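Structure record follows, encoded as structure tokens.
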Amino acid sequence: MATIPRMAYADSTGQVFDHPRLTMAVFDGYRIREPLADELVPLPPGGDVFLLPGRLPLGFDRKGHLVEFAGDDDRLTAVSVFLPPAWLRLSHPAVRKLPEAPVLPLFAYAPVGWADGVFWTTALRIDPERRQDPALFDTNAIGQGVARDLHRFPGNRLMMQLRRCALDYGCRAAQNFFLKRWECPLPTATSCNARCVGCISHQDGAIPVTQERIDFHPSASEIAEVACLHFGRVEHPIASFGQGCEGEPLTRGKTLVEAVRLIRQRNPHHTVNLNTNASRPDVVEELLEVGLSSIRVSLSSPDEQHYNQYHRPQGYTLEDVKDSVRRARRRGRFVSLNLLVFPGLTDRETEVRRLEELIAELDVQMIQWRNMNIDPEYYLDTLDASEGGIGLAATVKQVRERFPQLRHGYFNPYVE
Ligand code: SF4
């Protein structure tokens, strides 16, 4: 993009405008600056424009001065975009937060500008897979799939939960299950042994949750029934424990071990994956023993202090998490890091160095670069200050060059 897009903002009715003279500014977690040409992309299909209540937009004038725009509408607000899956946000919106501003809901806010008739943002596509591309989701077909499967398994409570996820929450993973393709979600846990600052299904403070947590415990046979149905009708199927609408699956260890045993009795192949905080290496070991294929470990930072600040582990440590990874690698199972990426933390030189040390030490095979869903200033207030970072695009590039064998993406891969 040769020219910098114009700054965007919204009036009190929520209508979005581009400013005739001010250009787009971004906040990279350290300072407010102009977006770099190679950071800018047209807003990908499926991206949403979000208002930022209680925040005024900032932009650059023709002299390069940073200007706050309040217009003559006292409820004018800044705007941002929420990117579709498989896209990594490279910076935050540039705003001035007003004293009465509310904490923003748990989404990953990316900056937005306007040019050539479209919205622009700063992002890079991190996974070429189209698994959650909105264009591939037909509402009628989803509805028919739900009716078909619930008719066949009327008593399966997990199937009913997935109906809710697919139709009420619009969960792409649950919709893919009913569309008989790719990855099937297996939510099972109502509780968790962490208290992540940005947990989308459980909050005990100022931030509203964006995902209602499952409120019952599916049985091992209900879980196996759903997974085996999926394995029986999909090419290269994946079934995954650990979804946004639940707590930590390892807190249901006994049931999961029994469920995987039942699945493996009927399906020795195909991918049974565990998205997890990897807090219980003993339970991970039992799951590996009965046939778990892969684990994806959520991590806000490889640095213990930053890890504890975000995940607030209850009764486990980052060392336990590493132990779970070692046990999986010892058995030759596939391990991904689910790195919760935050401009202003993930790209700090110390963080990048520690990430590289962790990848080398634990021999992980994939990084899933996931935007951290959180109010940027709310999270930055919890972090120690930092001089600066190398930038997220440079971080991804450096890790790619240092570990040519390492996979990069967003979605769990099929592994035998
Ligand atoms: S590990 Fe998952 S469920 Fe548990 S607090 Fe963190 S985000 Fe929430």
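The set of residues in segment 166-183 being within 17 Å of the chain's Cα centre (by Cα) and either surrounded by 18 or more Cβ atoms within 10 Å (Cβ to Cβ) or within 16 Å of the ligand (Cβ to nearest atom) (or both) consists of TYR169, CYS171, ARG172, ALA173, ALA174, GLU183. The set of residues in segment 208-224 that are of a type outside the set (Phe, Trp, Tyr), surrounded by fewer than 21 Cβ atoms within 10 Å (Cβ to Cβ) and away from the ligand (no atom under 12 Å from the Cβ) comprises PRO208, GLU212, ASP215, HIS217, SER219, ALA220, SER221. A search for C-beta distances below 8 Å between a residue of segment 181-206 that is among the basic types (Lys, Arg) and any residue that is more than 11 Å from the ligand (Cβ to nearest atom), counting only pairs 6+ apart in sequence or on different chains, returns ARG181/VAL234. Just one of the listed residues (VAL415, VAL321, VAL399) is buried (at least 21 other Cβ atoms within 10 Å of the Cβ) and hydrophobic (A, V, I, L, M, F, W, C), and it is VAL321. The residues of segment 251-268 that are closer than 20 Å to ARG157 by Cα and touching a strand residue (DSSP E or B) at 6+ places or on another chain (Cβ under 9 Å), listed by number, are ARG252, LEU256, ALA259, VAL260, ILE263. Filtered by the rule that a residue be within 19 Å of HIS202 (Cβ to Cβ), crowded, with 23+ Cβ neighbours inside 10 Å and not hydroxyl-bearing (Ser, Thr, Tyr), segment 300-318 gives a lone residue, HIS311. Each residue in segment 254-312 was checked for being within 21 Å of the chain's Cα centre (by Cα) and away from the ligand (no atom under 16 Å from the Cβ), and 6 pass. Going through (1) polar (S, T, N, Q); (2) crowded, with 16+ Cβ neighbours inside 10 Å; (3) farther than 29 Å from TRP182 by Cα one by one, THR350 falls short only on (2). Please verify whether segment 100-112 includes one or more residues that are more than 29 Å from LEU52 (Cβ to Cβ) and touching a Leu at 6+ places or on another chain (Cβ under 9 Å). No - not one qualifying residue is present in segment 100-112. Applying the criterion of at least 3 residues that are touching a residue at least 12 places away in the same chain (Cβ under 8 Å) and of a type in the set (A, V, I, L, M, F, W, C) to the strands (runs of 3 or more DSSP E) found wholly in segment 18-103 leaves 48-52, 55-60, 77-82.
Every number here is computed from the coordinates shown, using simple stated rules; none is lab data. Bear in mind that the values here come from a model prediction, so they are computed numbers and not experimental data. As a convention, Cβ positions derive from the backbone with ideal geometry for all residues, glycine included, and neighbour counts pool all protein chains shown.
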